[in-house]
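Asks: This is the structure I want to talk about, given as structure tokens.
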Amino acid sequence: MNLFFTKKTYLLALFSMVLLGCSEEPQEKMLRQAVAIESADECHLCGMIISNFPGPKGESYQSTGDHVNKFCSTRDLFAFLLQPENVTQAREVFVHDMSKTPWHKPDDQYFIDGRTAWYVVGSSQKGAMGMTLASFSKQDDATAFSKKFGGKVYSFDEITIEIIMN
């Protein structure tokens, strides 16, 4: 009986692994990378030249393609992402880590995953459209920034259209 139980358990485990392997999504789910912002790139939302303005920038890839949308500010990025037709479409989101790059000319080598970033809303630091969201990879850095420049710290999932429109 013990040998039967062992074979049955083995076959059940093998069958489960086959089913799991069949249900996995294709490898296209792998994250794409942020790309450099070129001097002539325009904001996907407002059309302004991105590199002409200070503060963190944003990028996103939609689930419907491989084209990257670039934004002149994190505020414009969120204004786009929070539109009802875009909420579920964003696959990858990137923002500058402002703890590692200068405010007036963010360095594209410091793009981070926007979904895990921390944001300061309402600081005295301005971006392309005036108020922008300062983005950081670490909550402690966001908190230190908010103590120096004002504002409140939020996670990605806490940001709403009402927050960015105030």
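The values are calculated or read from the model by the stated rules, or taken from the named source; none is laboratory data. These figures come from a predicted structure and were not determined experimentally. Backbone-built Cβ (ideal geometry, glycine too); neighbour counts: all protein chains shown. Accessible surface is based on the protein model in full, side chains and every heavy atom, while ligands, DNA and RNA are left aside. Shrake-Rupley method; radii C 1.70, N 1.55, O 1.52, S 1.80 Å.
Asks: Does residue 78 count as of a type in the set (Phe, Trp, Tyr), assigned to a helix (DSSP H, G or I), modelled with pLDDT of 95 or more and open to solvent by less than 80 Å² (accessible area, probe 1.4 Å)? Can you show your working first?
Replies: Values: of a type in the set (Phe, Trp, Tyr): yes; assigned to a helix (DSSP H, G or I): yes; modelled with pLDDT of 95 or more: yes; open to solvent by less than 80 Å² (accessible area, probe 1.4 Å): yes.
Yes.
Asks: Working only within region 54-95, note down all residues that are under 19 Å from residue 126 (Cβ atoms) and touching a Gly at 6+ places or on another chain (Cβ under 6 Å).
Replies: Once the filter is applied, which keeps residues that are under 19 Å from residue 126 (Cβ atoms) and touching a Gly at 6+ places or on another chain (Cβ under 6 Å), region 54-95 yields 55, 71, 73, 74, 77, 95.
Asks: So, restricting to strands (runs of 3 or more DSSP E) that lie completely within region 92-166, which ones have at least 3 residues that are under 25 Å from residue 37 (Cα atoms) and in contact with a helix residue (DSSP H, G or I) (Cβ under 9 Å, 6 or more places away or on another chain)? Please lay out each step first, then the result.
Replies: Details: elements: 111-113, 118-127, 130-136, 152-155.
Hits in region 92-166: 118-127, 130-136.
Asks: Taking the residues in region 81-91 that are open to solvent by less than 20 Å² (accessible area, probe 1.4 Å) and not in a loop (DSSP other than H, G, I, E, B) as candidates, determine which candidate is farthest from residue 146 (Cα to Cα). Before the answer, list the steps.
Replies: Step one: of region 81-91, the residues open to solvent by less than 20 Å² (accessible area, probe 1.4 Å) are 81, 86, 90.
Then drop every residue that is not not in a loop (DSSP other than H, G, I, E, B), which leaves 81, 90.
On the way: 81: 24, 90: 28 Å.
Out of the qualifying residues, it is 90.
Asks: Would you pick out the residues in region 41-59 that are surrounded by fewer than 23 Cβ atoms within 10 Å (Cβ to Cβ) and either of a type in the set (D, E, K, R) or not in a loop (DSSP other than H, G, I, E, B) (or both)?
Replies: If the condition is that a residue be surrounded by fewer than 23 Cβ atoms within 10 Å (Cβ to Cβ) and either of a type in the set (D, E, K, R) or not in a loop (DSSP other than H, G, I, E, B) (or both), then 41, 42, 49, 51, 52 are the ones that fit.
Asks: Which members of region 124-155 meet the condition of being surrounded by fewer than 18 Cβ atoms within 10 Å (Cβ to Cβ) and within 16 Å of residue 102 (Cα to Cα)?
Replies: 124, 126, 144, 148, 149
Asks: Let me ask something additional. Give all pairs with beta carbons closer than 6 Å in which a residue from region 61-72 that is more than 20 Å from residue 50 (Cβ to Cβ) meets a residue that is among the basic types (Lys, Arg) and open to solvent by 10 Å² or more (accessible area, probe 1.4 Å); count only pairs at least 6 apart in sequence or on separate chains.
Replies: From residues that are more than 20 Å from residue 50 (Cβ to Cβ), the pairs are 63/91.
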